[in-house]
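Here's the structure, in structure tokens; my notes come after.
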Amino acid sequence: EDQVTQSPEALRLQEGESSSLNCSYTVSGLRGLFWYRQDPGKGPEFLFTLYSAGEEKEKERLKATLTKKESFLHITAPKPEDSATYLCAVQASNYQLIWGAGTKLIIKP
Amino acid sequence: GAGVSQSPSNKVTEKGKDVELRCDPISGHTALYWYRQSLGQGLEFLIYFQGNSAPDKSGLPSDRFSAERTGGSVSTLTIQRTQQEDSAVYLCASSSSGHGTDTQYFGPGTRLTVL
């Protein structure tokens, strides 16, 4: 069964304290892995798409990486405005996305 | 509009009432998706529209749920005889083609509360 698991469920960091969020997946025929950011009361906002193992993408303080079993979202020197829930989703054999439950990230000033 | 819009932003209803949720996708996007998001859980796929093709309704949880898309643009999700377990945030997304791995862009959602 296709499945996506994100860890940790919640992460509290001090401003400037770098860390990583994990997205583990089991899927037959990965077509793409997506990272989204969701702020309270808003819809998910697209961050990255990764297509194959070894691929990396960066945007400001965020860097996403992909292996055959998991993806990491690395956050370097985070700021309070990076606080949000980060969602991971995988696309398998069709257009449907399978979503993880998300990691709630809190950056304290 | 510039992005996906949804209305209403919040809806409180009584158990047993029917509700309609509206989604306006990004102009020109042919694919439209409805999801349900419950607290602490991942997004749950409900239904998918692609152009003039028959919609994929495989994610609808019961026959109380239905959706339509008129003119290939605006979509309405209808929940009949609402139950308390229907309380959730209902998200709509659109993408340019619905093929391959094109990005899905989300609206702000409708928070449904069934009393």
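The values are calculated or read from the model by the stated rules, or taken from the named source; none is laboratory data. Treat the numbers as computed from the prediction; the structure is a model and nothing was measured. As a convention, Cβ positions derive from the backbone with ideal geometry for all residues, glycine included, and neighbour counts pool all protein chains shown. The area values use the complete protein model at the heavy-atom level, side chains included, leaving out ligands, DNA and RNA. Shrake-Rupley method; radii C 1.70, N 1.55, O 1.52, S 1.80 Å.
Looking at chain A, the DSSP beta bridges with both ends there are about 90 percent antiparallel.
Across the range B:69-115, the fraction of Cα-Cα pairs farther apart than 16 Å, rounded to a whole number, is 53%. Overall size of the range B:44-87 from C-alpha positions, given as principal axis extents largest first: 33, 17, 15 Å.
Taking every alpha-carbon pair under 8 Å whose residues sit at least 6 apart, chain A reaches a relative contact order of 37 percent. Working from the Cα coordinates of the range A:23-109, the gyration tensor eigenvalues give, after taking √(5λ), semi-axes of 23, 15, 10 Å in decreasing order.
Computed on the Cα atoms alone, the convex hull of chain B gives a volume of 98 cubic angstrom per residue. For the protein assembly as shown, the fraction of alpha-carbon pairs lying more than 29 Å apart is 28 percent, rounded to a whole number. Share of the protein assembly as shown's accessible area from carbon and sulfur, percent, 1.4 Å? Carbon and sulfur atoms account for 46 percent of the accessible area of the protein assembly as shown. Per-residue shielding of B:39-51, expressed as the average number of other chain Cβ atoms within 10 Å of the residue Cβ, stands at 3. Across the range B:19-91, Cα pairs under 8 Å and at least six residues apart give a relative contact order of 37 percent.
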